[in-house]
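Below you'll find the structure, written out as structure tokens, and then a few comments.
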2 protein chains.
Amino acid sequence: MSSIDETHDPRRTSWVASAQGHPEFPIQNLPLGVFSPPNGSPRGGVAIGDQIFDLQAGLEAGVFSGAAAAAAEAAAGAALNRLMALGGNPRIALRRRLSELLSADGAERRKVEPRAGQLLHNAADCTLHLPAAIGSFTDFFAGIHHARNGGMRRDPNNPLNPNYKYVPVAYHSRASSVRPSGVPIRRPSGQRKAAEDDAPIFGAAQKLDYELELAVWIGPGNELGQPIPIAEAGEHVFGLGLVNDWSARDVQGWESQPLGPFLAKNFGTTVSPWVITTDALAPFRIAQPPRPAGDPRPLSYLWDETDQETGAFDITLEAMLMTEGLRAKGLPPHRMSASNTTDLYWTLAQLIAHHTCGGCNLGPGDLFGTGTISGPTLEGYGSLMELSGDGQRQITLGSGETRTFLQDGDEVIFRAHCRKAGCVPIGFGECRARIA
Amino acid sequence: MSSIDETHDPRRTSWVASAQGHPEFPIQNLPLGVFSPPNGSPRGGVAIGDQIFDLQAGLEAGVFSGAAAAAAEAAAGAALNRLMALGGNPRIALRRRLSELLSADGAERRKVEPRAGQLLHNAADCTLHLPAAIGSFTDFFAGIHHARNGGMRRDPNNPLNPNYKYVPVAYHSRASSVRPSGVPIRRPSGQRKAAEDDAPIFGAAQKLDYELELAVWIGPGNELGQPIPIAEAGEHVFGLGLVNDWSARDVQGWESQPLGPFLAKNFGTTVSPWVITTDALAPFRIAQPPRPAGDPRPLSYLWDETDQETGAFDITLEAMLMTEGLRAKGLPPHRMSASNTTDLYWTLAQLIAHHTCGGCNLGPGDLFGTGTISGPTLEGYGSLMELSGDGQRQITLGSGETRTFLQDGDEVIFRAHCRKAGCVPIGFGECRARIA
């Protein structure tokens, strides 16, 4: 389990000048990803300020040894899966070594800085890819305010299904259509049926929506038939990112009984390309917020004292919308909502323990979405379905434009940050895509 | 599109003696799979009688050329995905060449038969693997009698959801836990709640069931955002097999709202290891049975005249149960049901056209289950849920034992055959697994 160490020291600065005060990638973050430099092939890298440290180049320069070298080797290719498979210790060794190499005050600076031209690339010149070959993508429903908002139309008096407070509800989603930030999303066609119509029609979805979720990248995983106990489950989280679980609400409403959403979700999913390791997030761990009085205690396979005390994270999330109208007026993206991962009803360890409790096997590079993270009030609603009351309320943007659902050309941008007194704030980078 | 050619000629026999009259694998079948010979690594093979033709050995012996060699090369490794990606023509060329090589009367016999020791392995000595690295596994709900039986408990007057006759309903299932025939299945634990209880409990599933389905192995597939038109969809079927979609009914009943089944299905899925190509199945193509009077015509993206005329298959399916009691008395497996793929409400092309209509991308090695194929009456019900009326009716076996759901040690065996006047019958081989 990662702990707070010298890599989190707020006094540590980097010889990479842009890292100081960088809102996302100071030396305390060091997220991992896969990128292509100009005219280069995909390879593993580490974000530092506005630069990317090239792990392949680092190996060639011989700046790694021991466990850090093994980890860099496993992360240097076109996907991080092999590093994800190694578990915590090599990942932590790599983080410590990268922090030394990039530190302004470290003994390594004299050796490494002269080679910056070889080791670093301007991030703006690079292409970012998916961080892993995604074996399976599971989408949970752990944002309780979102679950409640979604259930209000079915039964305003009992918006949560009876299982909600016992079961970390989830469904399998589609891995093949997950794309990294920046790849445009095509509006899907599908069947939809208005309540007043006798039969469905087929055509472009009219209620295209986004969903603001946390991405969980799975580490070592388990063999089929061998559940991961809750006390060990946290060690299988490699790192976190952001997911936009694009949703066609009109398709979803018609197709989902009795087997759940399918085409409404599988036309495309956007993830942020940088993986914020659980090691970088160690200072931002908090206790899972206590359940409201009257809620049941989780069943014992989902209950662990240490997990309850340290298994949640304090991460603020924002959803922004950019439109043609805002662009034309030179206005910034419109902030649609802000919420926090404390609005999740389950810890990440609980999601993993539940997913595997019947024996299902997880593997390195598997992706979880937590489900939409909405705050308790309108300002925190993480989807247009909730913000617009399923299209009943117009949302007015800074440009004077209005929206209920997404229009072609709209661009959705998610951001996430961790802030805490005595710590250097870190960010997740963007999860962004435009409707083509 | 494959057509009926000399490879289907009923007069053709093989110099592999066991192929003559073989109930599954005469020379007219030639299914593809992945196997390991004793002390050998996994490789592509073709079933012929009680032997397996080794494609790697065939390449080494130089018996392939041109398109057949390209196909054999793509199929010779530890997964058939590369062959699946090539589409129909190389696959058909390989089939024709294999039929020539193995034919009793062909000009090639003198060259090939003396090398039989190198080219053939006794199937009984080999291990069979999954035929492909499964990218994604989608499970449909296209067996209308099963859908109706399942809905009877919810609403006996309207057992089918309003979308059923318009939408080829499906959900994403779990690829990582699919295993080939013969690998035991562990009874999963999970949450279940009896109607009379206030809260759920966690423990071993009590209502463990099987589901008899057809497996569809996907060929070339499509790019994200590029739907496959119905008229082209059939070309993306590489071949067929059998799926046992094991289901924990008590877990399913409690967890499935609102996002569908999850842990109830992802603890294990069994597939038959041999892929019966659509080329082998060409003689058994039939017209899709007409919809009952009053049913709506499919929406236009699901409608193609040629598909309606030739897009269904006449395949009989059987589910058998072997128990400790039957074994102890020396009795054969108990036949639980027999049904036919004509009980599917949608053609395979309709499933593919629907899956991709919003842009979702399919890839070589993707697996579809059709959904449970039940006949219209009790004799044809393809799951214990249906046969036992959700546990209300005891099923008496030949041994005098009774069952409602599966007990530990029970073994479920699926078989499938195609029979037609003027044709040599072919079979699918077994899909078999025991509850550990």
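The values are calculated or read from the model by the stated rules, or taken from the named source; none is laboratory data. These numbers were taken from a predicted model, which means no experiment stands behind them. Glycine gets a Cβ as well: all are built from the backbone with ideal geometry, and neighbour counts include every protein chain shown. Keep in mind that these areas ignore ligands, DNA and RNA; they rest on the heavy atoms of the full protein, side chains included. Shrake-Rupley method; radii C 1.70, N 1.55, O 1.52, S 1.80 Å.
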Mind listing the long-range amide H neighbours of A:GLY239? Cut-off is under 5 Å, sequence gap 5 or more, other chains count too, H placed in the peptide plane at 1.01 Å from N.
-> A:TRP217, A:THR278
Which residue, chosen from B:GLY49, B:PRO200, A:GLY151, occupies the Cα position most advanced towards the positive end of the dipole of the protein assembly as shown, where the dipole is computed from +1 (Lys, Arg) and -1 (Asp, Glu) charges on Cβ about the Cα centre?
-> B:GLY49
Estimated [θ] at 222 nm from DSSP helical runs (n ≥ 4, -39500 (n - 2.57)) normalised by residues in the protein assembly as shown, nearest 500 | -5000 deg cm²/dmol
If you take the beta carbon distance between A:SER41 and B:ALA133 as r and set R0 to 30 Å, what does 1/(1 + (r/R0)^6) give as a FRET efficiency, to the nearest 0.05?
-> 0.85
Enumerate the calculated ³J(HN,Hα) couplings along the stretch B:17-24 in order (Karplus 6.51 cos²θ - 1.76 cosθ + 1.60, θ = phi - 60°), each rounded to whole Hz, writing x wherever the residue is Gly or Pro.
-> 4, 5, 6, 5, x, 5, x, 10
Any idea how far apart B:LEU378 and A:SER3 come out in nm if each label point goes 7 Å out from Cα toward Cβ?
-> 6.6 nm
Percent of accessible area on the stretch A:291-403 owned by carbon and sulfur, 1.4 Å probe?
-> 54 percent
Work out the length of the dipole vector of the protein assembly as shown about its Cα centre, built from +1 on the beta-carbon of each Lys and Arg and -1 on the beta-carbon of each Asp and Glu, and round it to the nearest 20 debye.
-> 380 debye
Specify the inter-centroid distance of the stretch B:236-301 and the stretch B:378-434, based on alpha-carbon positions, in whole Å.
-> 16 Å
Taking only C-alpha pairs under 8 Å that are 6+ residues apart, what is the relative contact order of chain B in percent?
-> 21 percent
Only Lys, Arg (+1) and Asp, Glu (-1) charged, at Cβ; the stretch A:107-149 dipole about Cα centre in debye | 220 debye
Using label points projected 7 Å from each Cα along Cα→Cβ, tell me how many nm separate B:LEU299 and B:ALA231, to one decimal.
-> 2.0 nm
Apply 1/(1 + (r/R0)^6) to the Cβ-Cβ distance of A:SER65 and A:THR342, taking R0 = 45 Å, and write down the FRET efficiency to the nearest 0.05.
-> 0.65
Contact surface A-B: accessible area buried, both sides summed, square angstrom, 1.4 angstrom probe = 4900 Å²
Per residue of A:184-190, what is the mean number of Cβ atoms on other protein chains within 10 angstrom of that residue's Cβ?
-> 4
Going from most exposed to least, what order do A:ASP250, B:ASP410, A:ASP314 have by accessible area with a 1.4 Å probe?
-> A:ASP314, A:ASP250, B:ASP410
Per residue of B:246-259, other chain Cβ atoms within 10 Å number on average 5
Over 32 Å between C-alpha atoms is what I'm after, so list which of A:LYS265/B:LYS207; B:LYS207/B:LYS420; A:LYS207/B:LYS193; A:LYS193/B:LYS265; A:LYS193/B:LYS207 land there.
-> B:LYS207/B:LYS420; A:LYS207/B:LYS193; A:LYS193/B:LYS207
In the Gaussian network model of chain B, springs joining C-alpha atoms below 10 Å, which of B:PHE202, B:PHE140, B:PHE64 carries the largest mean-square fluctuation?
-> B:PHE202
At what distance in nm do the modelled label points of A:ALA104 and B:ARG110 sit from each other, each positioned 7 Å from its Cα along Cα→Cβ?
-> 8.6 nm
Förster radius 56 Å - calculated FRET efficiency between A:GLN118 and A:ILE201 (Cβ-Cβ, nearest 0.05) | 0.45
At a 1.4 Å probe, which residues in the stretch B:107-148 are at least 20 Å² less accessible with all protein chains present than in their chain isolated?
-> B:SER136, B:PHE141
Sorted by mean Cβ packing within 10 Å, highest first, what order do the peptides B:71-81, B:148-158, A:394-404 take?
-> B:71-81, A:394-404, B:148-158
For A:ASP155, which inter-copy label distances result when the label point lies 7 Å beyond Cα on the Cα-to-Cβ vector, reported in nm to one decimal and in ascending order?
-> 1.5
Considering only the label points, 7 Å along Cα→Cβ from Cα, what distances in nm to one decimal separate A:THR402 from the same position in each other copy, shortest first?
-> 6.5
On average, how much accessible surface per residue is there in the protein assembly as shown, in Å², for a 1.4 Å probe, leaving out ligands, DNA and RNA?
-> 35 Å²
